[in-house]
Amino acid sequence: MNIQIFGKKKCFDTKKAERYFKERNIKYQLIDLKEKGMSKGEFASVKQAVGGLEVMLDEKCKDQDALSLIQYLAAEDKDEKVLENQHVLKTPIVRNGKKATVGYRPDVWKGWE
């Protein structure tokens, strides 16, 4: 397993995801979206695995202006804008190769073991 957790240090669900993998002695890599962010390829892979961009957006994010702007853009412009403003993504985003989840989903992760 090659687990990547994309999240924010102050996000409660990101901390719970870290704890889930730590308790099971599963190695993971934590990527802070505020510091590094996802590459274009990682973003495309996660988007395909979870069923589209709408699943990935956090309706309760602090930057409602950026979120509403993204929702009114043309489809091809949305991805570019989200990559520029990754703080509008719901966290944690947990990736295992081609599989991915958004949010705290231990029920799905259990199937990866």
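If you go through the range 8-49 and pick out every residue that is open to solvent by less than 30 Å² (accessible area, probe 1.4 Å) and either part of a helix (DSSP H, G or I) or within 16 Å of T101 (Cβ to Cβ) (or both), you end up with 12.
The set of residues in the range 71-96 being within 22 Å of M1 (Cβ to Cβ) and open to solvent by less than 40 Å² (accessible area, probe 1.4 Å) consists of T91, P92, I93, V94, N96.
Does T101 satisfy the criteria of being open to solvent by less than 40 Å² (accessible area, probe 1.4 Å), closer than 21 Å to T14 by Cα, in a loop (DSSP other than H, G, I, E, B) and among the polar types (S, T, N, Q)? In short, no.
The values are calculated or read from the model by the stated rules, or taken from the named source; none is laboratory data. The structure displayed is predicted, hence computed values, not measured ones. Cβ coordinates were reconstructed from backbone atoms using ideal geometry, including for glycine residues, and neighbour counts include every protein chain displayed. Heads up: the accessible areas ignore ligands, DNA and RNA and are worked out on the full protein's heavy atoms, side chains in. Shrake-Rupley method; radii C 1.70, N 1.55, O 1.52, S 1.80 Å.
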